[in-house]
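Visitor: Could you have a look at this structure, given as structure tokens, before my questions?
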Amino acid sequence: MQTNFTAEQLRDPDFDSSNRVLRTCVHCGMCTATCPTFVLLGDELDSPRGRIYLIKDMLENGRPATEEVVRHVDRCLSCLSCMTTCPSGVNYMHLVDHARTYIEDTYRRPLTDRVLRSVLGTLLPRPGLFRLAMLGAALARPFAGLVPGRSMTAQRLRAMLSLAPRSVPPASPVEVPRVHPAIGERKARVALLAGCAQQVLMPGINEATIRLLTRLGVEVVVAEGAGCCGALNHHIGQHDRAMALVWANVEAWTKVKETGGLDAVVINASGCGTTVKDYGFMCRTQAEPLKSQAEAIAAITMDISEFLTRFGYQPTRNAPGLTVAYHSACSLQHGQQVTAEPKALLAKAGFRVVEPREPHLCCGSAGTYNMMQPEISGRLRERKLDNLKATKPDLIAAGNIGCITQLSGEGVPVVHTVELLDWMAGGPRPPAVAA
């Protein structure tokens, strides 16, 4: 694709990056076939190719974002299925993230939109505040259907209340910064991202991860000062808030690395993993040593399924005779290109693993998307659940808290992959799995 940025624009690192991304696009349109919003809506502007044209025009002309551009960019899930499909290697992720930051800098959203985005960007990365919000939402949840109107604000309020858990589990002691020693001889040392929303909604995921790793001889460090990965703020254009979280994590994990060594940063929420693996790019303009530190952290970051595969996971219990439908989170299969490992581990653990039709299509969770775009998200959820249920599974397994929350509540238990692996390697039965 030919671009016409000025020399002055290209001195900006974000514009320079977007220019290089745009110039790799050859207009082939293969991305449209796997884009969830294009599949649902059939509008070229709700496809990656259409959004690329809108973003190119906006950035090249240096003009404020328009309502049309904002509407179609907001509808993008950042599922990154287009990047898996693209034969030219277009890094759509970096382009759309730049567009979102540019939109927030140049476009004034309606008041209710601004307030909601600010609230989400403040609450979700802070487990303490988020827990308080969820306690209140749990009380209000039964009244979600009473919120009147068809306005976007009303739809969003209903979506947020319906997504709230019926009860909020107590805070888990394993997420307090500390070192969890390996059982027996120490064979590796890792830092675990405790996360933000996940530790409030499903603290059992981190507990299962730590149990499993320490039994395998891995020392697990929950680092002082590490917190939210920054993805939630980053994907709604809150650049400065996101980067503050990124810098805090890089500093915390670098300290762990320098004081005792570090074989990996292990992530058990794939949406976070995609972002942490991109820390090198996100910090590319920072001064040393932060730039090099971010690159080093990104280089050793692994999804829990990648680490267990390399470390030689082995079950210790007999096969349970259960069929597991594996839902591949977009951030894992498209964002990180991790596809085979989770299924192979589940099969090794003794489960019969099945995959649904259209495994490449997003479930509609996508960070805050199921709250900000509830109508599209709801349609994608129904489509994904129909495909999953058609496999007649006993359980659904996924590697991302957002997907688990999105797909739960429809009769088939939805659990994190690591909870099943931990169970089969000596841990407790996951609460969602019937005895």
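Visitor: Answer rounded, prolate or oblate for the range 301-378, using the Cα gyration tensor with square roots of eigenvalues a ≥ b ≥ c: rounded when a/c is under 1.5, else prolate when a/b is larger than b/c, else oblate. It would help to have the intermediate numbers written out before the result.
Guide: On the way: a/c = 2.72, a/b = 1.71, b/c = 1.59.
Judged from the Cα gyration tensor, the range 301-378 comes out prolate (a/c at least 1.5, a/b above b/c).
Visitor: Which whole-angstrom value gives the distance between the alpha carbon centres of the range 77-109 and the range 6-37?
Guide: 8 Å
Visitor: Related question: In whole Hz and in residue order, list the ³J(HN,Hα) couplings for the range 373-382 that follow from phi through the Karplus curve 6.51 cos²θ - 1.76 cosθ + 1.60, θ = phi - 60°; x for Gly and Pro.
Guide: Karplus values, whole Hz, x for Gly and Pro: 10, x, 5, 5, 4, x, 5, 5, 4, 4.
Visitor: Now for a separate question. Quick one: what do you get for the chain if you divide its Cα Rg by 2.2 N^0.38 Å?
Guide: On the way: Rg = 21.2 Å, N = 435, 2.2 N^0.38 = 22.1 Å.
Normalised Rg, Cα atoms only: 0.96.
Visitor: To continue, here is another question. Per residue of the chain, what 222 nm ellipticity follows from adding -39500 (n - 2.57) for every DSSP H run with n ≥ 4, rounded to the nearest 500?
Guide: Values: 24 runs with 223 residues, N = 435.
Taking each H run of at least 4 residues, the total per residue is -14500 deg cm²/dmol.
Visitor: Kindly count the pairs of lysines across the chain whose alpha carbons are less than 30 Å apart, treating pairs on different chains or eight or more residues apart as eligible.
Guide: Qualifying lysine pairs in the chain: 23.
Visitor: Keeping all protein chains in place, calculate the accessible area per residue for the chain (probe 1.4 angstrom), answer in Å².
Guide: On the way: 17950 Å² over 435 residues.
Normalised by residue count, the accessible surface of the chain is 41 Å².
Visitor: While we're on this one: Along each of its three principal axes, how wide is the spread of alpha-carbon positions in the range 208-296, in whole angstrom units, largest first?
Guide: 40, 27, 19 Å, listed from the longest principal axis down.
Visitor: Here's another thing I want to ask about it. To the nearest Å, what is the center-to-center distance of the range 165-189 and the range 256-300, using C-alpha atoms only?
Guide: If we compute the Cα centre of each part, the gap is 21 Å.
Visitor: Next question. Largest first and in whole Å, what are the equivalent-ellipsoid semi-axes of the range 259-322 based on the Cα gyration tensor, each being the root of 5 times an eigenvalue?
Guide: Numbers: eigenvalues 203, 36, 9 Å².
Ellipsoid semi-axes (Å, largest first): 32, 13, 7.
Visitor: Give me the Kirkwood hydrodynamic radius of the range 196-254 in Å, from all C-alpha pairs, to one decimal place? Walk me through the intermediate numbers first.
Guide: Details: mean 1/r = 0.0776 Å⁻¹.
It works out to 12.9 Å.
Visitor: Across all directions of projection, what mean area in square nanometres is found for the Cα convex hull of the range 347-389?
Guide: Numbers: hull surface 15.0 nm².
Mean projected area of the Cα convex hull: 3.8 nm².
Visitor: Which one of 107, 228, 163 is farthest out on the positive end of the charge dipole of the range 103-250, using unit charges on Cβ (Lys, Arg +1; Asp, Glu -1) and the Cα centre as origin?
Guide: Going by the charge dipole, the pick is 163.
Visitor: Over the range 126-209, with a single point scatterer placed on each C-alpha, what log10 of the ratio I(q)/I(0) does the Debye formula yield at q = 0.11, 0.19, 0.23, 0.24 1/Å?
Guide: Here the Debye-derived log intensity ratios amount to -0.43, -0.86, -1.07, -1.12.
Visitor: Okay, moving on. I'd like the projected area of the range 60-147, averaged over all directions, using the convex hull of its alpha carbons. Report it in nm² with one decimal. Show your work: numbers first, answer last.
Guide: Details: hull surface 34.4 nm².
Dividing the Cα hull surface by four gives the mean projection, 8.6 nm².
Visitor: Sort the following peptides by mean Cβ neighbour count (other Cβ atoms within 10 Å, averaged over residues), highest first: 237-246, 80-89.
Guide: Numbers: 237-246: 19.6, 80-89: 17.9.
Listed from highest to lowest mean packing, they are 237-246, 80-89.
Visitor: In whole percent, and with a 1.4 Å probe on the protein chains, what portion of the accessible area of the chain is carbon and sulfur? Before the final figure, lay out each step's value.
Guide: Details: 9900 of 17950 Å².
Carbon plus sulfur share of accessible area: 55 percent.
Visitor: Let me ask you something else. Looking at the chain as a GNM with Cα springs under 10 Å, which of 150, 357, 381 has the largest mean-square fluctuation?
Guide: Among 150, 357, 381, the largest mean-square fluctuation in the Gaussian network model of the chain belongs to 150.
Visitor: A further question follows. Let me know the charge dipole size of the range 186-241 about its Cα centre in debye, to the nearest 20, where only the beta-carbon of Lys, Arg (+1) and Asp, Glu (-1) is charged.
Guide: 300 debye
Visitor: Rounded, prolate or oblate, given the Cα gyration tensor of the range 282-435, with a/c below 1.5 counting as rounded?
Guide: Details: a/c = 2.30, a/b = 1.22, b/c = 1.88.
It comes out oblate by the Cα gyration axes.
Visitor: Which value, in Å³ per residue, describes the convex hull spanned by the Cα atoms of the range 384-435?
Guide: Details: hull volume 4.2 nm³, N = 52.
Measuring per residue, one finds 81 Å³ for the Cα hull of the range 384-435.
Visitor: Here is a further query. Out of all DSSP beta bridges with both ends in the chain, state the antiparallel percent to the nearest 5.
Guide: Numbers: 3 of 22 bridges.
Of the beta bridges lying entirely in the chain, close to 15 percent run antiparallel.
Visitor: Further question: Quick one: the Cα spread of the range 42-197 along its three principal axes, in angstroms, biggest first?
Guide: Here the spans come out as 59, 49, 29 Å, largest first.
Visitor: From the backbone phi of the range 124-141, what are the Karplus-calculated ³J(HN,Hα) couplings (6.51 cos²θ - 1.76 cosθ + 1.60, θ = phi - 60°) in whole Hz, Gly and Pro given as x?
Guide: Taking θ as phi minus 60°, the curve returns 4, x, 10, x, x, 5, 5, 4, 4, 5, 5, 4, x, 5, 4, 5, 8, 3 Hz for the range 124-141.
Visitor: Using packing as a proxy for protection, rank 96-107, 5-16, 206-217 so that the peptide with the highest average count of other Cβ atoms within 10 Å comes first. Display every interim value, and only then the final one.
Guide: Details: 96-107: 19.8, 5-16: 13.6, 206-217: 21.6.
Per-residue Cβ counts within 10 Å, averaged per peptide and sorted highest first, yield 206-217, 96-107, 5-16.
The values are calculated or read from the model by the stated rules, or taken from the named source; none is laboratory data. Because the structure is a prediction, the values reported are computed rather than measured. Note that each Cβ is placed from the backbone with ideal geometry, even for glycine, and that neighbours are counted across all protein chains shown. All accessible areas refer to the heavy atoms of the entire protein, side chains included, with ligands and DNA or RNA removed. Shrake-Rupley method; radii C 1.70, N 1.55, O 1.52, S 1.80 Å.
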